[in-house]
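Colleague: Take a look at this one; I'll ask things after.
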Amino acid sequence: MTQKKLKEVVQKVLPDVDMVIGYRQGFDPVHATPFFVTRPEQIDELIWNPLCVHNLASYIPSLTTNKKVAVIVKGCDSRAINQYLQENLINRENLVVIGIPCSGVVSVSKVLKAVDHQIIESVSCENHAVTVKTSQGEKKLSVSDVSPDKCKTCLYPTPLVYDHLVGDPITSDKEPESVYDEVRSFEEKSLEDRFQFWKTELDRCIRCYACRNACPMCICQDRCIAESRDPHWVTQKTNQTEKFMYHMIHALHLAGRCVECEECTRVCPMEIPVAKIKKKINMEMDQLFDYKAGLNAEDTPPMYTFKVDEETIEEHEL
Amino acid sequence: MSVVAGKELRIVGFLCNWCSYGGADTAGVSRFKQPSDLRIIRVPCSGRVDPLFVVKALLNGADGVLVAGCHPNDCHYSEGNFYARRRLEMLKKFLSYMGIDDKRFHYTWVSASEGARWQQVVTDFTKQIHALGPLHQKEEAGD
């Protein structure tokens, strides 16, 4: 239904743009893959279902300087567009946003776990459920059971910025307070336990930089200080110090900018909860500066500005 | 830099050129007694201090990091310390989440005339770090 409407919208938009970025079927039935539509005959390949997990907004900053681009976004992805606009990273005149209200996507790794990593023969998506067929038989999974963590606390199922909206807006039924429950419960652990947790998690990190490459807000990738030799912030050593340093760089460079699309966690081949680090800083930004990234294109990111009298920051005594 | 074993810990201080470095100088010229654990790095402004400087120091051998700049409204560059305040506050809240005690990091404001205050800050912060003990185990140092 939505897929049919989406194709109609793309049909309308395509003549005025150089490309439309959407999704098509990937290398196997459970993977969707980003798809760059440039010719009308490609439109039929477009898909829309809970397997469309990627944040396509990530492609925009490198394109809108000299091309006119249309992009398909979910609610969470749309926050990246607002954040780009705040930071002047894209040219809005060269961008057409096709928004789709999203009722939740699946986590491909959770689906694969649910079918015990069998080879998947086919996947069909109905309302709020996916049926996965393997050689062992069929399994019907509710989308909410295999959704990524971000969907469980999603406050913005309807895109916050769009030129065309495909389908009817959806309002979130989640509690705004619940977004940072994960951080609060983690903070109840002792300092030592927290350190051990990150030590164990980050120990698996192979520094493939997938989390950085997938991040929509990591826009200085070609000169990332995690890889540069001058300045030489991190070495090639594979020890705990360098792994911590790399993840702290990623987190601190996203302070007040992370739009919580959780692409970093999704792409991590070692299943490190990378987004959990950023979530803490987001919570601080919300508490200190009453700011959530990517909600409004007119906002100023909190680290780009200041107040002479900061009511929320108290001097620290020794 | 080597430390006097058993007596000293490594504390790195990032001091703004215009106020806190002057304040430390004032304390020195006035011959105020100070602990010798602190290694001072002079920066043009507290706004120059990237939170990653602090993280890098703590992860690579420092037991504590102190950042000091001009008092708010007194920045030589008008607003550098206002930006610094936001960044460093964010960092202070973040460190303990990663399992690094936020008491190992302190930021404060010391003007060039406040030699006595500087002495107080260094003494108190060094005491605090000594109470926490070394952050790094010996065997990890050469890792």
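Colleague: Please compute P(r) over all alpha-carbon pairs of segment A:106-146, binned at 5 Å starting from zero, and give each bin as a whole-number percent.
Modeller: Bins of 5 Å from zero give 6, 27, 39, 22, 6 percent of pairs.
Colleague: Based on DSSP, what percent of beta bridges with both residues in chain A are antiparallel, to the nearest 5?
Modeller: In chain A, DSSP labels about 65 percent of beta bridges as antiparallel.
Colleague: Report the equivalent ellipsoid semi-axes for chain B in whole Å, largest first, defined as the square roots of five times the eigenvalues of the gyration tensor built from alpha carbon atoms.
Modeller: Working from the Cα gyration tensor, I get semi-axes of 24, 19, 12 Å.
Colleague: What average count of beta carbons from other chains do you get within 10 Å of the Cβ of residues in A:233-245?
Modeller: 3
Colleague: Which value, in debye to the nearest 20, gives the size of the charge dipole of segment A:1-144 about its Cα centre, when Lys and Arg are +1 and Asp and Glu are -1 at the Cβ?
Modeller: The dipole magnitude comes to about 240 debye.
Colleague: Okay, next question. Past the 32 Å Cα-Cα mark, which pairs from A:Lys4/A:Lys133; A:Lys237/A:Lys279; A:Lys110/A:Lys199; A:Lys152/B:Lys103?
Modeller: Checking Cα-Cα distances, A:Lys152/B:Lys103 exceed 32 Å.
Colleague: According to the square roots a ≥ b ≥ c of the eigenvalues of the Cα gyration tensor, what is the shape class of segment A:93-226, taking rounded for a/c under 1.5, prolate for a/b larger than b/c otherwise, and oblate for the remainder?
Modeller: rounded
Colleague: Please label the shape of segment B:27-106 as rounded, prolate or oblate, based on the square roots a ≥ b ≥ c of the eigenvalues of the alpha-carbon gyration tensor (a/c under 1.5 means rounded; beyond that, a/b larger than b/c means prolate, else oblate).
Modeller: Judged from the Cα gyration tensor, segment B:27-106 comes out oblate (a/c at least 1.5, b/c at or above a/b).
Colleague: How shielded is B:54-63 by partner chains, expressed as the average number of their Cβ atoms within 10 Å of its Cβ atoms?
Modeller: Counting other chains' Cβ atoms within 10 Å and averaging over B:54-63 gives 3.
Colleague: Charges on Cβ only, +1 for Lys and Arg, -1 for Asp and Glu, centred on the Cα centroid of chain B; of B:Cys70, B:Gln128, B:Leu58, which one is farthest towards the dipole's positive end?
Modeller: In chain B, that residue is B:Cys70.
Colleague: Still on this structure, I have one more. Nearest 20 debye, what's the magnitude of the dipole of segment A:192-318 about its Cα centre given +1 on Lys and Arg Cβ and -1 on Asp and Glu Cβ?
Modeller: Using Cβ point charges on Lys, Arg, Asp and Glu, segment A:192-318 gives about 880 debye.
Colleague: Which of A:Ile119, A:Ile43 comes first, and how do the rest follow, when ranked by fewest Cβ neighbours within 10 Å?
Modeller: Lowest to highest Cβ neighbour count: A:Ile119, A:Ile43.
Colleague: What is the fewest-to-most order of A:Arg204, A:Arg194 by other Cβ atoms lying within 10 Å of their Cβ?
Modeller: Ascending number of Cβ neighbours within 10 Å: A:Arg204, A:Arg194.
No lab work stands behind these numbers, since they all come straight from the coordinates. Because the structure is predicted, anything quoted here is derived from the model rather than measured. In this analysis, Cβ positions are derived from the backbone assuming ideal geometry, glycine residues included, and neighbour counts consider all displayed protein chains.
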